[in-house]
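For reference, the structure I am asking about is given below.
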Amino acid sequence: MESTPLRNKQGLTEQEFLEQYKPSAYERPSVTVDMLLFTIENNALKLLLIRRQNHPYMHCWALPGGFVNIDESIEQAVYRELAEETNITQDVYFEQLYTFGDVNRDPRMRVITCAYISLTPASNIKNTCAGDDAEDAAWFTVELTEAYHNQQENCCELTLTSEEKNLRIKYTVKETAQGMRKGYDISVNPASGGKLAFDHAHSVYMALQRLKNKVSYTPIAFSLLPRQFTLGQLQKVYEVLLGEKLDRANFRKAVRHMVRQVGKGRLQGSNRPMMLFEYNPLSHTD
């Protein structure tokens, strides 16, 4: 026995409603994806930025990204843009960071963007290049250092430096506590050699906070290492993400359940055999 179809107040079934529905009756925002692609090279955290070749923010440095096509998911757009703008197609960790939707964040029109953190080993970044809508691409060293701290306010300096481009972009971040809630204001430092496009400085700051918090209870650090590594390399990744030096003995005790020994080998650029390890996936199970 067939059930009676549901009808709305106008007496329409779902099929009838969809047939007469007009999407053009409502203004719709566009959706983009932004990628914060990080790696660690020479004991420094690096972020890939592209230089815009067109308006708005012409010639400003920005995060790689682009518009989501009507026939693809947000995740598919991330992988497509990554391949188009960086030439990287594998060995990349992805995690959604935040959805930025301020009404005036893009001067062209109403644009909502989904920002993604991406992590990859340094060995995977040799062929990065600028995409069609970028005139240049470069890896910037990213640092977040505390300027001062008191009960009401914490002030940090966010610095992005490219030795290759002889450029240093600086922001001042003031974190404030209002009861149980925390907020922050971010502004271009007067000593800066430029600024990032759109609200991308906010994305960078939030990504650094996310990485620092998650490295202590998730295995994301291993996404920045080759498949086989030394414990010294692993410790350096933790130190870079945390922004502090770690005691060697205590660190090895803390991570021993997360790795498994694979024997001795030679790392690229070294002739001395070293004890190598791999990530033990059984150390993090639901």
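Has region 266-283 got any residue that is within 27 Å of the chain's Cα centre (by Cα), of a type in the set (Gly, Ala, Ser), at negative phi and open to solvent by 40 Å² or more (accessible area, probe 1.4 Å)?
no
Take the residues of region 170-227 that are exposed (fewer than 12 other Cβ atoms within 10 Å of the Cβ) and of a type in the set (D, E, K, R): which is nearest to Gln53 (Cα to Cα)?
Asp185
Looking at this structure, is Leu160 more than 24 Å from Pro219 (Cα to Cα) and within 15 Å of the chain's Cα centre (by Cα)? Spell out how you get there, then give the answer.
Values: more than 24 Å from Pro219 (Cα to Cα): yes; within 15 Å of the chain's Cα centre (by Cα): yes.
So Leu160 passes the test.
Go through region 30-74 and give me each residue that's open to solvent by less than 60 Å² (accessible area, probe 1.4 Å) and either small (Gly, Ala, Ser) or more than 28 Å from Tyr93 (Cβ to Cβ) (or both). So that I can check it myself, show each step before the final result.
Step one: filter region 30-74 for residues open to solvent by less than 60 Å² (accessible area, probe 1.4 Å), giving 30-41, 44-50, 52, 56, 60-66, 68, 72-74.
Once the filter is applied, which keeps residues that are open to solvent by less than 60 Å² (accessible area, probe 1.4 Å) and either small (Gly, Ala, Ser) or more than 28 Å from Tyr93 (Cβ to Cβ) (or both), region 30-74 yields Ser30, Ala44, Pro56, Ala62, Gly65, Gly66, Ser73.
Of everything in region 80-104 that's open to solvent by 40 Å² or more (accessible area, probe 1.4 Å) and aromatic (Phe, Trp, Tyr), which residue is modelled with the highest pLDDT?
Tyr98
Here's something else I'd like to know. Using the structure shown, decide if Leu97 is in a strand (DSSP E or B) and within 12 Å of Met35 (Cα to Cα).
Against the criterion (in a strand (DSSP E or B) and within 12 Å of Met35 (Cα to Cα)), Leu97 qualifies.
Anything in region 234-254 that is part of a helix (DSSP H, G or I) and touching a strand residue (DSSP E or B) at 6+ places or on another chain (Cβ under 9 Å)? List them, or say none. Step through it out loud before you land on a result.
Here is the first cut: in region 234-254, the ones part of a helix (DSSP H, G or I) are 234-242, 248-254.
Of everything in region 234-254, those that are part of a helix (DSSP H, G or I) and touching a strand residue (DSSP E or B) at 6+ places or on another chain (Cβ under 9 Å) turn out to be Leu234, Lys236, Val237, Val240, Leu241.
Looking at (1) within 16 Å of Thr120 (Cα to Cα); (2) open to solvent by less than 30 Å² (accessible area, probe 1.4 Å); (3) outside any strand (DSSP E or B), find the lone condition where Ala77 falls short.
(1)
Taking the conditions exactly as written (open to solvent by 40 Å² or more (accessible area, probe 1.4 Å), touching a strand residue (DSSP E or B) at 6+ places or on another chain (Cβ under 6 Å) and hydrophobic (A, V, I, L, M, F, W, C)), does Ile112 satisfy them or not?
Numbers: open to solvent by 40 Å² or more (accessible area, probe 1.4 Å): yes; touching a strand residue (DSSP E or B) at 6+ places or on another chain (Cβ under 6 Å): yes; hydrophobic (A, V, I, L, M, F, W, C): yes.
Criteria met by Ile112.
Arg168 versus (1) within 17 Å of Thr141 (Cα to Cα); (2) not in a strand (DSSP E or B): which is the lone unmet condition?
(2)
Under 9 Å between Cβ atoms, at least 6 apart or on separate chains: pull out the pairs that start in region 240-267 with a residue that is free of Cβ contacts under 8 Å to residues at least 24 places away in the same chain and end on any residue that is acidic (Asp, Glu) and in a helix (DSSP H, G or I).
Lys245/Glu239; Leu246/Glu239; Phe251/Glu239
Output the number of the condition that Glu27 fails; it satisfies all remaining conditions of (1) without any contact (Cβ under 8 Å) to a residue 12 or more places away in the chain; (2) over 30 Å from Glu135 (Cα atoms).
(1)
Only one of Lys46, Lys9 is farther than 28 Å from Glu143 by Cβ and of a type in the set (D, E, K, R). Can you tell me which?
On the way: Lys46 fails: farther than 28 Å from Glu143 by Cβ.
Testing whether each residue is farther than 28 Å from Glu143 by Cβ and of a type in the set (D, E, K, R) leaves just Lys9.
To continue, here is another question. Which of the residues belonging to region 222-232 are within 16 Å of Met275 (Cβ to Cβ) and either of a type in the set (Ser, Thr, Tyr) or free of Cβ contacts under 8 Å to residues at least 12 places away in the same chain (or both)? Before the answer, list the steps.
Of region 222-232, the ones within 16 Å of Met275 (Cβ to Cβ) are 225-232.
Hits for region 222-232 are Thr230, Gly232.
Right, next: Would you confirm whether or not region 157-167 contains a residue that is farther than 20 Å from Ala62 by Cβ and either open to solvent by 20 Å² or more (accessible area, probe 1.4 Å) or of a type outside the set (A, V, I, L, M, F, W, C) (or both)? Outline the logic, then answer.
Going through region 157-167, the residues farther than 20 Å from Ala62 by Cβ turn out to be 157.
Checking which are either open to solvent by 20 Å² or more (accessible area, probe 1.4 Å) or of a type outside the set (A, V, I, L, M, F, W, C) (or both) leaves us with 157.
So far as region 157-167 goes, yes, one or more of its residues are farther than 20 Å from Ala62 by Cβ and either open to solvent by 20 Å² or more (accessible area, probe 1.4 Å) or of a type outside the set (A, V, I, L, M, F, W, C) (or both).
Now, a different point. Quick one: how many residues across region 239-258 are open to solvent by 20 Å² or more (accessible area, probe 1.4 Å) and closer than 20 Å to Thr120 by Cβ?
From region 239-258, those open to solvent by 20 Å² or more (accessible area, probe 1.4 Å) are 240, 242-250, 252-254, 256-257; that's our starting set.
The next check asks that each one be closer than 20 Å to Thr120 by Cβ; those that pass are 240, 242.
Adding up the residues that qualify gives 2.
Can I ask one more? Being under 21 Å from the mean Cα position of the chain (by Cα) and among the basic types (Lys, Arg) is the requirement here; does Arg28 meet it?
On the way: under 21 Å from the mean Cα position of the chain (by Cα): no; among the basic types (Lys, Arg): yes.
In short, no.
Checking Ala147 against (1) among the aliphatic types (A, V, I, L, M); (2) open to solvent by less than 30 Å² (accessible area, probe 1.4 Å); (3) at pLDDT below 95; (4) part of a strand (DSSP E or B), only one condition comes out false. Which one?
So the condition that Ala147 fails would be (2).
The values are calculated or read from the model by the stated rules, or taken from the named source; none is laboratory data. Given the structure is predicted, the values throughout are model-derived calculations rather than measurements. Positions of Cβ are backbone-derived with ideal geometry, glycine not excepted, and every protein chain shown enters the neighbour counts. Accessible surface areas use protein heavy atoms only, side chains included; no ligands, DNA or RNA. Shrake-Rupley method; radii C 1.70, N 1.55, O 1.52, S 1.80 Å.
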